[in-house]
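Asks: To start, I am sharing the structure in question, which I have written as structure tokens.
The values are calculated or read from the model by the stated rules, or taken from the named source; none is laboratory data. Note that the coordinates shown come from a computational prediction; the quantities given were computed from them, not determined experimentally. Neighbour counts are summed over all protein chains in view; Cβ atoms, including those assigned to glycine, are modelled from backbone coordinates with ideal geometry.
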Amino acid sequence: MSNLPLDRLVPAHIRLFEPYYPSMPDRELMALYGLEYLHRLHNNENALGPPPLVRTRLEQFHAGAIPVYPNGDSRELRQALAEKFGKSSEQFLVGNGSCELISSVVKAFCEEGDNIVTADRTFAVYEWTASFSGIEARLIPLNEFAFDPDAMLNAIDSRTKVVFLCNPNNPTGTYWDKATMCRFLDAIGGEVIVVADEAYGEYVDREDYPDCIEMLERYPNLIVFRTFSKMYALAALRVGYLCASEELVDIVRRAHVAYSVNTLGQLAAAAAVQDDSSFVADTRTMVANGRHMLRTLFTDMGFEHSINEGNYAMVKTPMSDTLLHRKLLCKGIMVRTMTGFRFPNWIRISIVQEPVMEEFCAAFRAAFPNP
Ligand SMILES: Cc1ncc(COP(=O)(O)O)c(C=O)c1O
């Protein structure tokens with residue numbers, strides 16, 4: 001150990017924060033478990049991707065562009081998004097994944113003594129970002145696996161700056177319909193910033209699902225997050241964006257790192273926006289089939305599950321989630337353990353192509369010889 005005066009140098013909220021350790025690279029994991037293949041079903045990626053136009057544009061990319069910095073604020077991508085959504089390009093801010101944008105929003109609006117409000121069992125990065133920024137995260141219990149609008153409204157006080165909604169929710173897949181979203185935003189009345197994280201919005205094919213980008217004129221305190229990591233299968237390139245009024249984007253931009261989105265990511269994301277193939281429809285079909293398989297399996301085995309929107313499903317089993325994770329990994333399948341996310345002994349499974357889902361179902365069944 002060094003003699004660095006860490007007690008003085010490191011703020012208490014950083015000392016108390018438990019770091020997140022991502023999983024090992026495939027090669028190391030495969031060597032460790034003696035595997036010839038590994039299906040990663042733990043990060044909700046789209047196994048079909050990327051869309052055809054993205055593949056073409058990436059193949060045309062010249063290595064000669066690599067020594068040159070990317071465009072500092074993803075101008076062409078913002079223009080493509082503006083065209084797609086009928087907004088101005090100044091209403092978009094692009095980040096190194098939407099995770100970076102969570103951080104930019106917290107930095108832009110919160111200072112010591114402020115708080116953010118979100119759910120206790122949702123995408124953990126809202127809570128983590130607030131915590132490691134020294135901001136209180138008020139975590140409101142889910143009600144029957146869904147965000148609880150009344151309890152969230154009750155938790156808001158004069159120091160609440162941002163409410164983070166995950167719609168549909170990762171990991172439960174529940175969503176607020178248009179009426180619930182509007183009632184909530186009306187009740188808040190513009191006093192607090194509301195982030196609607198629609199990371200999995202493109203997977204939802206329901207009439208009553210609110211497209212919050214369409215609601216921005218009515219609610220000037222609303223910020224919508226989307227990502228290219230999920231439906232558009234660009235997770236390796238790290239591109240996400242937010243859409244809000246020009247006034248709010250101008251504020252968040254001040255706390256946002258310019259040049260954080262690389263050239264390949266910008267180019268691929270713009271191609272994904274312009275792709276007019278059947279890619280999204282094909283993905284939705286794949287997910288609908290996978291959902292059906294998992295629902296049938298878990299119901300048949302008598303296990304509680306939460307399978308709703310999004311490209312993921314959750315199941316609770318009588319086995320410890322770490323043990324089940326290891327058993328499945330021995331068969332080349334990696335799932336997400338959920339105890340650390342306040343769902344003791346649940347696992348979350350990403351929904352991918354049928355043959356892989358069949359492999360998952362067989363390995364899962366084999367893990368419970370006498371369920
Ligand atoms: C709800 C939600 N929001 C945001 C993200 C972050 O996505 P990105 O890859 O754009 O940082 C994720 C990733 O899992 C997510 O589940």
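Asks: Would you please list the contacts, defined by Cβ atoms under 7 Å and residues six or more apart or on different chains, that run from a residue in region 137-164 that is farther than 25 Å from Phe17 by Cα to a residue that is part of a loop (DSSP other than H, G, I, E, B) and of a type in the set (A, V, I, L, M)?
Replies: Listed pairs, sorted by first residue: Asp148/Leu142.
Asks: For the subset of region 224-240 comprising residues that are under 19 Å from Gly310 (Cβ atoms) and more than 8 Å from the ligand (Cβ to nearest atom), which member is nearest to the chain's Cα centre (by Cα)?
Replies: Arg226
Asks: While we're looking at this one, here's another question. Looking at region 184-208 only, could you name the residues that are aliphatic (A, V, I, L, M) and either more than 26 Å from Ala155 (Cα to Cα) or outside any helix (DSSP H, G or I) (or both)? Give the derivation first.
Replies: If we filter region 184-208 for residues that are aliphatic (A, V, I, L, M), which is where we start, we get 185, 187-188, 192-196, 199, 204.
Scanning region 184-208 gives Val192, Ile193, Val194, Val195, Ala196, Ala199, Val204.
Asks: Next question, about the same structure. Here are Phe341, Phe360, Phe298: which of them is modelled with pLDDT under 95 and surrounded by 14 or more Cβ atoms within 10 Å (Cβ to Cβ)? If you could, list the steps in order and put the result at the bottom.
Replies: On the way: Phe360 fails: modelled with pLDDT under 95; Phe298 fails: modelled with pLDDT under 95.
Of the residues listed, the single one that is modelled with pLDDT under 95 and surrounded by 14 or more Cβ atoms within 10 Å (Cβ to Cβ) is Phe341.
Asks: A further question on this structure: Hey, could you check region 190-207 for residues that are more than 12 Å from Leu222 (Cβ to Cβ) and surrounded by fewer than 22 Cβ atoms within 10 Å (Cβ to Cβ) and say which is farthest from the ligand (Cβ to nearest atom)?
Replies: First, the residues of region 190-207 that are more than 12 Å from Leu222 (Cβ to Cβ): 191, 199-207.
Next, only the ones that are surrounded by fewer than 22 Cβ atoms within 10 Å (Cβ to Cβ) stay: 191, 202, 204-207.
On the way: Glu191: 24, Glu202: 12, Val204: 13, Asp205: 18, Arg206: 18, Glu207: 22 Å.
That would be Glu191.
Asks: Let me ask you something else. Within region 18-40, can you find the residues that are without any contact (Cβ under 8 Å) to a residue 40 or more places away in the chain and either in contact with a helix residue (DSSP H, G or I) (Cβ under 8 Å, 6 or more places away or on another chain) or part of a loop (DSSP other than H, G, I, E, B) (or both)?
Replies: Matches in region 18-40: Glu18, Pro19, Tyr21, Pro22, Met24, Pro25, Gly34.
Asks: Out of Tyr219, Tyr259, I need the residue that is in contact (Cβ under 8 Å) with a residue 12 or more places away in the chain, in a loop (DSSP other than H, G, I, E, B), away from the ligand (no atom under 16 Å from the Cβ) and in contact with a Gly (Cβ under 6 Å, 6 or more places away or on another chain). Which one? First the steps, then the outcome.
Replies: Details: Tyr219 fails: in contact with a Gly (Cβ under 6 Å, 6 or more places away or on another chain).
Answer to the selection: Tyr259.
Asks: Tally the residues that are surrounded by 20 or more Cβ atoms within 10 Å (Cβ to Cβ) and part of a loop (DSSP other than H, G, I, E, B), restricting the search to region 103-120.
Replies: 1
Asks: Among the candidates Tyr33, Tyr20, which residue alone is within 14 Å of the ligand (Cβ to nearest atom), within 30 Å of Arg336 (Cβ to Cβ) and aromatic (Phe, Trp, Tyr)? It would help to see each step written out before you state the result.
Replies: Working: Tyr33 fails: within 14 Å of the ligand (Cβ to nearest atom).
Result: Tyr20 is the single residue among Tyr33, Tyr20 that is within 14 Å of the ligand (Cβ to nearest atom), within 30 Å of Arg336 (Cβ to Cβ) and aromatic (Phe, Trp, Tyr).
Asks: Additional query: With Asn71, Asn96 as the choices, which residue is modelled with pLDDT of 95 or more and within 14 Å of the ligand (Cβ to nearest atom)? Before you say what the answer is, go through the steps one by one.
Replies: Values: Asn71 fails: within 14 Å of the ligand (Cβ to nearest atom).
Result: Asn96 is the single residue among Asn71, Asn96 that is modelled with pLDDT of 95 or more and within 14 Å of the ligand (Cβ to nearest atom).
Asks: Just for region 41-80: of the residues that are small (Gly, Ala, Ser) and outside any loop (DSSP other than H, G, I, E, B), which one is farthest from Gly173 (Cα to Cα)?
Replies: Filtering first and then ranking leaves Gly64.
Asks: Please verify whether region 130-137 includes one or more residues that are within 28 Å of Glu90 (Cα to Cα) and not in a helix (DSSP H, G or I). Talk me through it step by step, then tell me what you get.
Replies: Looking only at region 130-137, we keep the residues that are within 28 Å of Glu90 (Cα to Cα), and these are 130, 133.
Filter once more, so that each one left must be not in a helix (DSSP H, G or I): 133.
Among the residues of region 130-137, at least one is within 28 Å of Glu90 (Cα to Cα) and not in a helix (DSSP H, G or I), which makes the answer yes.
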